[in-house]
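Report on the following structure.
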Amino acid sequence: MSAIAGFWSLGSSRDPADSCRTMVAALADYGPDDCAIARLGPLALGRNLYRLLPEDEWDRQPLVGGDGRFALVCDLRLDNRDELAAALGLVGTASLADSALLLAALERWGEEAVDRLAGDYAFAWFDSRASSLVLARDPLGQRPLFWHRGDGYFAFASMPRGFHALAAPTRRADAEAMLHFVGGLPQRGPGTFYEGVARVEPGHVLVVTPAGERSRRFWQPRRRELRLKRFDDYVDAYRETLDRAVAARLRGAGGTVASHLSGGWDSSAVAATAARLLAPTGGTVLAFTSVPRAVYGGESPRNRFSDEGPIAAATAAFHPNIVHRPIENEARSPIADLDRSVAAYDRPLYNLCNHVWLAQIRDAARASGARILLTGEIGNWTISAAPHNLLADYLRQGRVLAWAREAGLMLAGRKARLRGIAANSFGPWLPDGLWRRLRRLSSVAELSESTPLHPDLRESVARRQEAEKLGPARRPADNFAETVQALQEMDFGQYRKGVLAGWGLDKRDPSADTRLIDFCLSLPIDLLLKKGVRRPLARAALADRLPPAVLDERRKGYQAADWAEGISRDLPGISALIDRIAADPAASAIVDVGLLRTLVRDWPEGGWSDPRVIARYRVALLTGLSAGHFIVAAR
């Protein structure tokens with residue numbers, strides 16, 4: 001993994017090499033193993049390297065090709081090296097770094113090369129003859145890339161701190177981005193959490209010339225339905241696709257890899273598949289599970305279980321080379337590490353209570369000597385996908401009898417409530433007024449209960465939610481379209497870089513493999529929901545790697561069930577932070593300080609599993625503290 005930066009002078013008095021060197025120095029935490037800078041006339045490119053792949057030994061970035069016409073810096077892991085090498089007619093690529101393969105692909109196919117890439121990447125490719133700079137990122141944004149056009153120059157960097165080292169633009173939180181963050185609106189477009197800093201959107205190519213920029217989305221999954229002869233053929237294809245996705249992310253791990261291991265299917269499937277792939281060479285998976293403190297006596301929300309340790313242990317016991325390591329929650333305050341988080345991630349964080357146990361797992365993984373940490377964060381859309389909006393898809397296909405069968409079995413088996421079945425079946429076609437009345441029966445908290453947004457801003461955000469069918473206004477959509485939209489709104493880049501800088505771990509997600517995504521999106525509906533059974537294909541395909549205890553568990557795990565203990569112990573710290581937010585005009589214009597103070601004043605004595613309490617404290621309070629702290633810190 002690398003951190004990259006570049007400075008293109010378009011008439012600026014700044015020296016490109018000096019400016020690039022300043023930016024690269026600010027990114028040193030993200031690539032401490034090697035640093036290099038190259039000057040090509042008005043352009044300077046820089047790269048900090050974190051050696052994680054076997055071929056990184058031969059990485060010589062910045063690269064120059066085409067007899068001096070092209071230059072490249074990149075942050076990438078190519079997962080289809082052999083396929084690319086074959087298409088390029090290259091042989092003997094064992095000592096060829098991924099960056100060299102990418103340069104060859106760009107020289108052959110130009111910016112269209114992105115359509116042939118599989119893996120996690122961000123790159124900048126300069127064509128001196130065309131006087132153009134091409135920036136691109138992988139489809140789900142696993143590697144970050146930002147840019148800024150200043151007075152007489154264009155600059156790019158892996159993280160915003162690269163620009164702030166130049167003292168331009170100023171380090172100030174962007175009000176619109178913070179409004180989206182606090183209001184629960186998705187991050188769309190090139191805007192970021194800092195004024196004057198833009199992002200290359202995931203799955204996009206940005207072409208920069210002296211005259212301006214143009215952006216296009218290149219990753220757009222196409223609708224197709226996979227038709228195989230037998231159910232067993234689907235099982236084989238599922239296993240082969242998952243194996244390939246996990247194998248690609250084991251590259252450079254050596255004999256030991258760390259992995260998250262919850263009680264659900266996604267991380268379990270990733271850890272189990274890694275164990276199967278490593279077993280022939282004697283490799284080991286260190287599987288980490290967050291568990292509540294032994295003395296925790298609280299409850300979990302309905303249909304959830306709070307201790308995922310026993311069921312995760314069942315997965316570990318299924319594979320001799322999985323070493324299971326439960327990590328007991330320390331009940332640490334979720335606001336204790338906010339300064340460290342902003343420094344590492346260069347952005348505010350959602351779900352602060354989750355970052356407490358995530359940090360503990362990373363601490364343990366780093367102490368074990370592992371360098372790769374596997375996860376299954378996108379698994380709900382791939383590995384274990386079976387959304388309830390499939391009921392509407394049965395109706396879309398005109399399969400009314402099949403819909404009636406599935407709806408009836410869900411109701412009889414108490415797998416869904418009647419109102420939920422009605423909403424997921426008919427929601428796309430109900431009149432707005434009827435949908436709003438039906439929505440009031442939902443357990444989903446309304447905006448007023450789950451947001452710390454300043455009262456003056458709530459009405460405008462509620463209108464946006466209604467217009468864009470977001471939050472409580474969201475309706476079930478066509479499964480393909482809804483999945484693609486959700487995936488295209490994901491951007492994990494800064495989180496990945498923060499974990500690398502903070503813990504020296506390369507966090508990799510096989511469930512985000514675009515080849516796996518394409519496969520899962522092509523599955524017929526009956527392989528996702530049939531005869532009252534959700535995920536029949538995944539259930540069959542994972543039976544060779546997950547025990548029945550995992551596959552038959554109907555409840556979902558509830559990680560950080562004891563989250564309230566840590567925050568309840570830090571009421572003085574919370575009150576002090578609220579005072580800091582109140583004293584900052586920019587922060588107090590976004591965050592409802594009065595609400596935060598009321599929540600502290602009316603601190604519950606219990607009932608932490610109540611959905612309304614969760615909405616007010618786990619969501620609203622912690623989101624307000626995270627947002628307010630970031631605005632105050634971004635000065």
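Every read-out reported here was derived from the displayed coordinates using simple, explicitly stated rules and does not represent laboratory data. Please read all numbers here as calculations on a predicted model, not as lab measurements. Backbone-built Cβ (ideal geometry, glycine too); neighbour counts: all protein chains shown.
Couple of notes before you dig in:
- Note on Lys531: lysines with a C-alpha under 18 Å away, same-chain residues under 8 apart excluded, are Lys415.
- Mean Cα-pair separation over length for segment 390-430, i.e. relative contact order, pairs under 8 Å, 6 or more apart, %: 50
- Neighbour-limited loop hits for trypsin sites (Lys or Arg not before Pro), segment 166-224 (at most 12 other Cβ within 10 Å; DSSP other than H, G, I, E, B): Arg188, Arg222, Arg223, Arg224
- Applying a DSSP loop filter and a limit of 16 other Cβ atoms within 10 Å to the GluC sites (Glu not before Pro) in segment 206-275 leaves Glu225.
- Available extension along the chain between Arg635 and Arg214 is 148.5 nm, counting 0.36 nm per residue and deducting the alpha carbon span.
- Within the chain, the ratio Rg/Rh, alpha carbon atoms throughout and Rh by Kirkwood, equals 0.95.
- Spin-label pair Ala175/Arg399, simplified geometry with 7 Å Cα→Cβ offset, distance in nm: 5.1
- Per-residue Cβ neighbour rank within 10 angstrom, fewest leading, Lys415, Lys229, Lys531, Lys497: Lys229, Lys531, Lys415, Lys497
- Relative contact order %, the chain, counting alpha carbon pairs below 8 Å whose residues are six or more apart: 17
- Residues in segment 147-181 reached by a label modelled at Ser460 [backbone nitrogen below 18 Å; 7 Å Cα→Cβ]: 173-181
- Taking 0.36 nm per residue of separation and subtracting the Cα-Cα distance, full extension of the segment from Arg129 to Arg293 would add 52.8 nm.
- With the highest mean first, a sort of the peptides 424-433, 93-102 on other beta-carbon atoms found within 10 angstrom per residue produces 93-102, 424-433.
- Cα shape, segment 390-430, gyration tensor, a/c 1.5 rule: oblate
- Working ranking of peptides 394-400, 510-516 by packing, defined as the average number of other Cβ atoms within 10 Å per residue, highest first, is 510-516, 394-400.
- Cα shape, segment 126-213, gyration tensor, a/c 1.5 rule: oblate
- Based on DSSP H segments of at least four residues, each scored -39500 (n - 2.57), the chain has a per-residue ellipticity at 222 nm of -11500 deg cm²/dmol.
- Antiparallel bridge percentage (DSSP; both residues within the chain; nearest 5): 75
- Highest-first arrangement of 602-615, 120-133, where packing means the average Cβ count within 10 Å: 120-133, 602-615
- Here segment 2-217 is treated with +1 on each Lys and Arg Cβ and -1 on each Asp and Glu Cβ, and its dipole about the Cα centre works out to around 560 debye.
- Dipole magnitude (debye, nearest 20) for segment 390-430, charges at Cβ of Lys, Arg, Asp, Glu: 140
- Loop-located GluC sites (Glu not before Pro) across segment 300-367 with a Cβ neighbour count of 15 or fewer within 10 Å are Glu330, with loop assigned by DSSP.
- In percent, rounded to a whole number, the relative contact order of segment 2-217 is 20, using alpha-carbon pairs under 8 Å and six or more apart.
- Residue (of Leu430, Gly398, Leu418) at the positive-pole extreme of segment 390-430, dipole from beta-carbon charges: Leu418
- Simple Cβ-charge dipole of the chain, Lys/Arg +1 and Asp/Glu -1, about Cα centre, in debye nearest 20: 1660
- With a Förster radius of 56 Å applied to the beta-carbon distance between Asp236 and Arg601, the computed FRET efficiency rounds to 0.40.
- Tensor-based shape of segment 2-217 (alpha-carbon gyration tensor, a/c under 1.5 rounded, otherwise prolate or oblate): prolate
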